[in-house]
Every structure is written in C-alpha cells, then in structure tokens.
Amino acid sequence: MSTQISAFIEMIGAFSVAAVIYTFNSAILIMLFMMGAIFKKSLFGRQNLRTKGYIWYYDLLILFGAFVIFAENGAEFTIL
C-alpha cells in the first residue's frame, strides 16, 4: 500500500513538472523521492554505485534534472 501511494505522489509530481504547474514545489518533491530511492537502494540493494548496470543511472539522472529545475526557480528563466 505504501509503495502504491508513493508511486502515485511521484506521478503527480512528474505530471505537474511536465505541465508547468507548481514546478518549484514539484521539483523539490521529486528530488526528495529520488534521494529516498537512492538511500533505500544503498542500504538494502545488492549493487553499489560501481556495479555495472543502470540501476543507479536513472535515479541520478532524474535527481539532477529536478535539481536543474529547482535551481532555475521553477523555470522562471526562459530563452524567449
């Protein structure tokens, strides 16, 4: 049950970033979930960061992508 609720909240955060609704708050939410996922994998996972495979790659990619949105103050700076 807890996994389903966290997946639902993470999907809401990802949708709100994609739809540009409360992007700053959603980026914080996604960063918290990704840090929790990395923390859980580091404690209970069988693989570490140096292991071959993509188990950490996608978590870190999403974490840094959300950090870029957070650092830009919710996409306040635009090209146009």
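Starting from residues that are in a loop (DSSP other than H, G, I, E, B) and under 19 Å from residue 19 (Cα atoms), keep the ones in the stretch 54-73 and report whichever is modelled with the highest pLDDT. Give the steps one after another, and end with the answer.
So in the stretch 54-73, the residues in a loop (DSSP other than H, G, I, E, B) come out as 54-56, 72-73.
Keeping just the survivors that are under 19 Å from residue 19 (Cα atoms) gives 72-73.
On the way: 72: 81, 73: 75.
The residue in question is 72.
Name the pairs whose Cβ atoms lie under 6 Å apart, with the first residue in the stretch 21-36 and more than 16 Å from residue 7 (Cα to Cα), the second not aromatic (Phe, Trp, Tyr), and 6 or more positions between them or separate chains?
Qualifying pairs under 6 Å: 22/16; 23/17; 23/69; 23/74; 23/75; 24/74.
For (1) assigned to a helix (DSSP H, G or I); (2) loosely packed, with under 13 Cβ neighbours inside 10 Å; (3) modelled with pLDDT of 80 or more, each residue gets a yes or a no:
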| residue | (1), (2), (3) |
| --- | --- |
| 17 | yes, no, no |
| 21 | no, yes, no |
| 24 | yes, no, yes |
| 37 | yes, no, yes |
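The values are calculated or read from the model by the stated rules, or taken from the named source; none is laboratory data. Quick caveat: nothing in here was measured; it's all calculated off a predicted structure. Neighbour counts are summed over all protein chains in view; Cβ atoms, including those assigned to glycine, are modelled from backbone coordinates with ideal geometry.
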